[in-house]
Amino acid sequence: MTETTHQQHGDGTRSPEYRLAQNALRGLRQDLFHDPFAYRPLPSRHTDGPFVRRLPARARAAARHLPHAVVGAVALIALAAGALGGGLPGGDVLALLTGLLCAAPVVATLVRPIGAFWMSLAVTPVVSILGGDGWDWPWMPGAFVCHLAVLVFVALRTRPRTAAWMWVLTFAYAFLADVFFGGSYYYTNSAPMLVTSAFALLVVSVWHIRRAAEQEVTAQQTVTAHERSKRTALEERTTIARELHDVVAHHMSVVAIQAEAAPYRVENPPPELERAFVTIRENAVAALTELRRILGVVRAEDYEAPDAPQPTLADLDALLVNVRDAGLSVEKVMTGAVRELPQGVELSAYRIVQEALSNSLRHAPGASARVEIGYVLGGLGVRVVNGPAPAPNLIKPSPGAGHGITGMRERVTMLGGEMTAGPADGGGYEVAVFLPVATVNEGDA
């Protein structure tokens, strides 16, 4: 029983050569025998190329049909070669029929490329018979032009494997024609056909491979840029969430402590007041616990909360001093009635100014900058603009990681504000931000 099983298993195991041949025949059947006369019209040419884009509108519209015009021109050449290249006179009906037979497969590549290849193989012996006492065998001049053009056009529209199979079948036809039917002819042009077609198909295949590689690289670069953008946004959101966690956690802790200490500041407080403060403290502690549970997941394992309080706009002067020491000439302009804003708004405004000035130092060394802080009704306006770097500058710009503008936008978006960033009118760069602040009416206070 074991021996029988082993024999059955051995019979079912195929050698690598057998599998290779089987895959090759499967590819041949799929490329050239499966629905060979399927309707596949030649698409129009794209007009977004660097050269075609510069053409006038009418010429650019006509350029869409350039591939069809090329096929038509080659078909006319095959028609002329077939009508004039045989042993019959050019004006004879058979000569005209020979030219039409040579042009038909070329025209067929516009709509049925694989079928055009089979038509070209079928037309070749017919043209040889109609050509009379022509000197060329097995391809008369018209058939030579026709078959070579069909090979190139079909290879351009398919893939390298199909081009290889077409050349193999062309070689098989040339071999059979020379061995069995080429004895009465003085000259055989099978070698020129095979060499010329092999070189042409090799060039087309290399073009296909290069184009596929470029498309793959472009797609990979697009995916990489998208992933990098998502990762950058996630990193910035993580940083913002950490800072907001610290701000909100501080205020909720203060609320809990004050609610716990408030009853002791009042002599003989009513029970209702004590219960109210107990409820306030319990809610504050519960909210703080939930906040730490939700936002704590964004902290890295090695993240440590800063010992110093988060910076606000009151710390802007110290930031400007550091920037001036780094070589950036910067001035600050304050407009409006200065007032205390929510800590999240002041922290975001400080970080935006900090990042904008860092970008100025990085991308425009030696330039001057201007920071404008405007306290307006309903919000805070921040504008940071730097001039162009001086022309003779020994300090070269240093590229950054590309996170600065993304981080600013994330901060502004989380606060429901608006932001514009781009080149300034006189050169340099400008960042303008508006952060809304909800107003509190006196009656509501």
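When segment 1-27 is filtered for residues that are modelled with pLDDT under 80 and part of a loop (DSSP other than H, G, I, E, B), the ones remaining, listed by number, are Met1, Thr13, Arg14. How about segment 334-356: which of its residues are in contact with a Lys or Arg (Cβ under 8 Å, 6 or more places away or on another chain), of a type in the set (Val, Ile, Thr) and under 14 Å from Pro436 (Cα atoms)? Answer for segment 334-356, where residues must be in contact with a Lys or Arg (Cβ under 8 Å, 6 or more places away or on another chain), of a type in the set (Val, Ile, Thr) and under 14 Å from Pro436 (Cα atoms): there is none.
Matching residues to (1) within 30 Å of the chain's Cα centre (by Cα); (2) under 17 Å from Ala143 (Cβ atoms); (3) charged (D, E, K, R); (4) surrounded by fewer than 12 Cβ atoms within 10 Å (Cβ to Cβ):
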{"residue": "Leu194", "(1), (2), (3), (4)": "no, yes, no, no"}
{"residue": "Val206", "(1), (2), (3), (4)": "yes, no, no, yes"}
{"residue": "Ala212", "(1), (2), (3), (4)": "yes, no, no, no"}
{"residue": "Arg237", "(1), (2), (3), (4)": "yes, no, yes, no"}
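Restricting to segment 379-421, name every residue that is surrounded by fewer than 16 Cβ atoms within 10 Å (Cβ to Cβ) and at pLDDT 90 or above. Glu418, Thr420, listed by residue number.
Does Ser197 count as within 19 Å of Val154 (Cβ to Cβ) and either in contact (Cβ under 8 Å) with a residue 60 or more places away in the chain or touching a Phe, Trp or Tyr at 6+ places or on another chain (Cβ under 8 Å) (or both)? Considered against the rule, which asks whether it is within 19 Å of Val154 (Cβ to Cβ) and either in contact (Cβ under 8 Å) with a residue 60 or more places away in the chain or touching a Phe, Trp or Tyr at 6+ places or on another chain (Cβ under 8 Å) (or both), Ser197 comes out as yes. The residue pairs whose first member lies in segment 144-161 and is in contact (Cβ under 8 Å) with a residue 40 or more places away in the chain and closer than 12 Å to Asp31 by Cβ, whose second member is of a type in the set (Asp, Glu) and assigned to a helix (DSSP H, G or I), and whose beta carbons are closer than 9 Å, counting only pairs six or more residues apart or on different chains, are Thr158/Asp31; Arg159/Asp31; Arg161/Asp31.
Within segment 256-294, track down each residue that is open to solvent by less than 100 Å² (accessible area, probe 1.4 Å), of a type outside the set (A, V, I, L, M, F, W, C), within 30 Å of Thr238 (Cα to Cα) and at pLDDT 70 or above.
Of segment 256-294, the ones open to solvent by less than 100 Å² (accessible area, probe 1.4 Å) are 256, 259-263, 266, 269-271, 273-274, 276-281, 283-291, 294.
Next, only the ones that are of a type outside the set (A, V, I, L, M, F, W, C) stay: 260, 263, 269-271, 274, 279, 281, 283, 289-290.
Going one step further and asking which of them are within 30 Å of Thr238 (Cα to Cα), we end up with 281, 283, 289-290.
Across segment 256-294, the qualifying residues are Arg281, Asn283, Thr289.
Taking the condition assigned to a helix (DSSP H, G or I) and at pLDDT 75 or above, does Thr232 pass? Judged against the criteria, Thr232 is a match. Look at Leu156 and say whether it is more than 35 Å from the chain's Cα centre (by Cα), open to solvent by 20 Å² or more (accessible area, probe 1.4 Å) and hydrophobic (A, V, I, L, M, F, W, C). No: the conditions fail for Leu156. Restricting attention to segment 57-85, the residues that are open to solvent by 60 Å² or more (accessible area, probe 1.4 Å) and under 30 Å from the mean Cα position of the chain (by Cα) total 6.
Residue-level analysis places Glu355 outside the set of residues that are at negative phi and either part of a loop (DSSP other than H, G, I, E, B) or at pLDDT 90 or above (or both). In segment 28-55, the qualifying residues are those that are assigned to a helix (DSSP H, G or I) and not hydrophobic (A, V, I, L, M, F, W, C), and the one that is most open to solvent (accessible area, probe 1.4 Å) is Arg54.
Residues of segment 320-352 that are assigned to a loop (DSSP other than H, G, I, E, B), in contact (Cβ under 8 Å) with a residue 24 or more places away in the chain and more than 40 Å from the chain's Cα centre (by Cα): Gly336, Ala337, Val338, Arg339, Leu341, Pro342. For segment 355-372, the set of residues classified as out of contact with any helix residue (DSSP H, G or I) (no Cβ under 6 Å at 6 or more places or on another chain), under 14 Å from Met408 (Cβ atoms) and open to solvent by 10 Å² or more (accessible area, probe 1.4 Å) consists of Ser358 only. In segment 226-239, the residues that are closer than 14 Å to Arg409 by Cβ form Cβ pairs under 7 Å with partners that are at pLDDT 80 or above, at six or more places apart or across chains, as follows: Ala233/Glu410; Glu236/Glu410; Arg237/Glu410.
The values are calculated or read from the model by the stated rules, or taken from the named source; none is laboratory data. The structure displayed is predicted, hence computed values, not measured ones. All Cβ positions, glycine included, derive from the backbone under ideal geometry; neighbour counts span all protein chains shown. Accessible surface areas use protein heavy atoms only, side chains included; no ligands, DNA or RNA. Shrake-Rupley method; radii C 1.70, N 1.55, O 1.52, S 1.80 Å.
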